[in-house]
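Before any comments, here is the structure.
The values are calculated or read from the model by the stated rules, or taken from the named source; none is laboratory data. Just so we're clear, the structure is a prediction, and the values are computed from it rather than from any experiment. Cβ atoms come from the backbone with ideal geometry, glycine included; neighbour counts cover every protein chain shown. Areas reflect the complete protein model, heavy atoms only, side chains present, ligands, DNA and RNA absent. Shrake-Rupley method; radii C 1.70, N 1.55, O 1.52, S 1.80 Å.
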Amino acid sequence: MSKVLVAGGVAALLSGCELLPEHAMLGTEPEETPEAAECSLQPTFADEACLLPNWVAFGLASQRGDNEWRNQAVTEVESAAGRSEAERELARAVALAWGSEREWREAATIYQEYTAAAPEDLQPLLRYWRNELEGRRSLAGHRDNARGQLANLQRENAELSEKLEALTAIEQNMNLRQQSP
């Protein structure tokens, strides 16, 4: 049995791109399957066939949407009946993750708290989104630090310029005194 698995693994490695779907090589979008067409945009934990497509579609819509769309989505998610707290909170986190930087912090906290309550198939996607969000938060922090350093350097530069002007004025006065008889 193990020889068959090893042979299959070697064959898969050697076949390379031939095993990839055609759209992956050509950069085209795959045609929508009937199952995907039946999936809704509302992310839930209920339908295993639509679990990932629904969450990915909701995440993309949140990323592409504006603040008004995200606020509406959060309102709809919070008022949805028959959903678990983890389902509502994680959907809220997906929407908040593309909002303001203040909302990023809240989304990261929600991801951390509720990811383990999601179905196992969904957890890697949620962890990926949380890591991506943490990366954006880190970059924003670096940007804010750089802005602070720039402001300090600009203030220091202005102070040094004033001192240089004062020293230049003193030097000019000294030169004028030396030239006077």
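Scanning the range 42-55 for residues that are in a loop (DSSP other than H, G, I, E, B) and either in contact (Cβ under 8 Å) with a residue 60 or more places away in the chain or in contact with a helix residue (DSSP H, G or I) (Cβ under 8 Å, 6 or more places away or on another chain) (or both) yields a total of 8.
In the range 158-172 there is no residue that is in contact (Cβ under 8 Å) with a residue 12 or more places away in the chain, surrounded by 10 or more Cβ atoms within 10 Å (Cβ to Cβ) and in a helix (DSSP H, G or I). A108 passes every criterion in (1) of a type in the set (G, A, S); (2) farther than 30 Å from C50 by Cβ; (3) in contact with a Lys or Arg (Cβ under 8 Å, 6 or more places away or on another chain) apart from (2). Candidates S79, S62: the one that is of a type in the set (S, T, Y) and surrounded by 10 or more Cβ atoms within 10 Å (Cβ to Cβ) is S62. Here is a list: L133, L126. Which entry is touching a Ser or Thr at 6+ places or on another chain (Cβ under 7 Å) and not basic (K, R)? The unique qualifying residue is L126. V94 falls short on exactly one of the conditions (1) open to solvent by less than 10 Å² (accessible area, probe 1.4 Å); (2) under 30 Å from D144 (Cα atoms); (3) β-branched (V, I, T); (4) more than 13 Å from the chain's Cα centre (by Cα), and that condition is (4).
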